[in-house]
Amino acid sequence: MPRHESVWSATAAMPECGPLEQNVHVDVCVIGGGIAGLSTAYHLCQAGRSVAVLDDGALASGMTRMTTGHLTNMLDDRYFELEKLHGKDAIRVAADSHSAAIERIDEIVRTEGIDCDFSRLDGYLFLAEGDKPGTLDKELDAAHRAGLKDVQLMARAPFEWDTGPCLRFPRQGQFHPLKYLAGLAQAIRRDGGRIFCHSHADHVEGGVPGLVHVGKHVVTGDAMVVATNVPINNRLAIHTKQAPYMTYVIAARVPPGSVPQVLAWDTGDPYHYIRLHDDLLIVGGEDHKSGQAHDSPQRYRKLEAWARERFPMMREVEFMWGGQIMETIDYLAFIGHNPMDHDNIFVATGDSGMGLTHGTIAGMLLCDLILGRKNPWEKLYSPSRVPVMAAGEFAREDLNMAAQYADWLTPGDVRSADDVARDSGAIVRRGFEKIAVYRDANGAVHECSAVCPHLGCIVQWNPGEQTWDCPCHGSRFDAEGHVINGPANRDLPSVQRPEHKRAA
Ligand SMILES: Cc1cc2nc3c(=O)[nH]c(=O)nc-3n(C[C@H](O)[C@H](O)[C@H](O)COP(=O)(O)OP(=O)(O)OC[C@H]3O[C@@H](n4cnc5c(N)ncnc54)[C@H](O)[C@@H]3O)c2cc1C
Ligand code: FES
C-alpha cells in the first residue's frame, strides 16, 4: 500500500517550535510558516527588522509540504495567454520575477549552506495528447518577447518515449522544500527572528500598531503579513478573483539512471508534471475544482496509468498525496497591500502551480514594500488590480461559486449517518440542516455542520484526502471538521447526533 503522505514529510523533519505564551511586540508579524511566510521573514531579518512568525500547526504544515518542488520560470498558464491579459511589458516582469526567485533561492542555499538537494536542471514543455504544435510556437515567441531568449524548440524531450516537439527552458531548479524551509527557519532564528507554532491567528487588525490576536495573547507590530496561503483576514475582495483547485501526486521508484534529471510538464489543462527525487519518479496532475469532484481515488489511478504508459520501468507507487492550489482569474499571484484595508496589512496568495517561486517573489517584494523601497514587480502583483481583460473568466468563476449555494436545497449524499461506511464521510440532510458526517476506522461517528464558516457554502467530502472541501473559496477541514485551509478561520461547528440531544 502506498503511504498517503508527501515524499518530503517522510524524508525530513522541521525544527521544533513552541506556542506563543505571552504578548510580543515586533517590527513585523508574519502569519504562516510556509514558503511565502518564511521567505518574507528571512528577508526582513536580513534587513535588520525584528520579526515574529506564527503558524497554527507545526512549521511548514501547509501546502509547501505537498508541493513537488519544481522551481521554474515556465508559466503554467503560458506567456502568450498572460500577454493577452496584461500586455507585453507585463510578461517581461513576470519572467524576470520568476527567474529572480530561482536565482534568489540558489543564492540563499549557497550563502546559508542549506543542504536541500537544490540543483539546476532543464525543463521541457511538451504537447499534451490532442494539443496542436501551434501552442508551442506561440509560447516560444511569447517567451522570447518576455526576455527568455534561451528557450528553444526541440524535436523531443530526453525521455525514452517520444514526447514529440517540446520547448526547453534552461536553468530551472528543484529542491527538497522542507529541508529548504528548515534552513530558512534556522537563519531567521540566528538573526533574532522568533517562530511560534501551534499559534492560531484568530484576528488581524491594521492601524498603529497592527495587532494579531492569538487566543489570550496579542502580537503587535508596525506591519502584519498574512501568508496563510489563502488569506484569513479578507472576506471577499480577493476571494472573488481566485478559485481553489485540488491537484494530486504519486511517487514510485525507477531503476537508477533510467529517467533523466529534468523537469517536464505537458500543455494539458489540467497538466501533468514530472521530476525525479533520488530514484523516485514524482508525477502530478488530475486537478479539479475543490469540492466539485468526488473521485480522488480514481484520479490517483488515472495518474498512475498515465505515468506507467510513459515510464514502464516504474515500480510500485510508494507515496501518494494531494493538495490545493489557488488559481487567480488573471494567472498571477496577489502579493502586496491587502485591498480596502489599513496600509500596514499585506497578503500573499494566488499561488497557482508556481507557489514556490510566487512565495519567494513574495519574500522579496513584501520586504521592499514594508521597508518603503521601490520594487518593479509591485504593480503586476498588486492584490488591488482590476483584471478588466479577464472579465469573462471573472464572470465564469463567480457564476460557478454562486451555483454552489444550490447545495442548500439538494438532498444529502446518504439518508442517515448509519449509511456512512467506516473511514469515510458523507453529507446528511436533517430537516433544514446539512450535516458533515464522518465515521472513523473504529466505527465512531463525528458530526459537524456542513456549512462553511467563511460564507456559508456546503462542504463536500474528498475521499482521497479524507477532508471536507468547500467548493467556493478554498476552505478545507479535516475529517473531524478542524480547519486546515482558509479563508475560513475556524472549525466546522460540531453538532450532537439527535439521540444524544434526546438523552441530554
Ligand atoms: C500537489 C502540489 C504540487 C505543487 N507543486 C508545485 C511545484 O512543483 N512548484 C511550485 O512552484 N509550486 C507548486 N505547488 C504550489 C506550492 O507548493 C504552494 O503554492 C506553496 O507551497 C504555498 O506556500 P504558502 O507559503 O503560500 O502556503 P503554505 O505552505 O500553505 O503556508 C501557509 C501556512 O499558514 C498557516 N496558517 C494558516 N492559517 C493560519 C492561522 N489562522 N494562523 C496561523 N497560521 C496559519 C498554515 O498552517 C501553513 O503552514 C504545488 C502545490 C500542490 C498542492
Ligand atoms: S470558502 Fe468561502 S464559503 Fe467556504
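Quick note: the coordinates plus some simple rules give every number you see, no bench work behind them. Remember, it's a predicted structure, so these values are computed and weren't measured experimentally. Using ideal geometry, Cβ is built from the backbone for each residue, glycine included, and neighbour counts are taken over all protein chains shown.
What to note about this one:
- Listed by Cβ neighbour count within 10 Å, with the fewest neighbours leading, Arg168, Arg430 appear as Arg430, Arg168.
- Rounded FRET efficiency, nearest 0.05, which uses the C-beta distance separating Asp115 from Arg253 and R0 of 22 Å: 0.45
- Spacing of the two label points (7 Å from each Cα toward its C-beta) at Asp491 and Arg308, in nm: 4.0
- Only lysine pairs 8 or more places apart, or on different chains, with alpha-carbon atoms under 22 angstrom apart are counted in the chain, and they number 15.
- Put in order of Cβ neighbour count within 10 Å, fewest first, the listed residues Arg301, Arg275 become Arg301, Arg275.
- The calculated FRET efficiency for Lys216 paired with Asp343, based on their beta-carbon distance and R0 = 30 Å, is about 0.60.
- The stretch between Lys138 and Glu433, if pulled fully straight at 0.36 nm per residue, gains 101.1 nm over its current Cα-Cα span.
- Summing charges over neighbours of Glu83, with a neighbour being any other residue whose Cβ is under 12 Å away from its Cβ, gives 0 when K and R count +1 and D and E count -1.
- Summing charges over all other residues whose Cβ lies under 9 Å from the Cβ of Glu480, with Lys and Arg as +1 and Asp and Glu as -1, gives -3.
- Net charge of the neighbourhood of Ala157, taken over other residues with C-beta under 13 Å away and scored Lys/Arg +1, Asp/Glu -1, is 0.
- The slack in the chain from Lys149 to Arg373, taken as 0.36 nm per residue of separation less the alpha-carbon distance, amounts to 77.7 nm.
- Value of Rg to Rh for the chain (Rh from inverse mean 1/r over Cα pairs, i.e. Kirkwood): 0.96
- Legend note: in the chain, cysteines whose Cβ sits 4.7 Å or more from every other cysteine Cβ are Cys29, Cys45, Cys116, Cys166, Cys367, Cys448.
- Counting beta carbons within 10 Å around each of His25, His198 and listing the fewest first gives the order His25, His198.
- The Asp131 and Gln22 beta-carbon pair, evaluated with R₀ = 45 Å, returns a calculated FRET efficiency of approximately 0.20.
- Full-stretch length increase - Asp295, Glu103 - with 0.36 nm per residue and alpha-carbon distance subtracted: 65.3 nm
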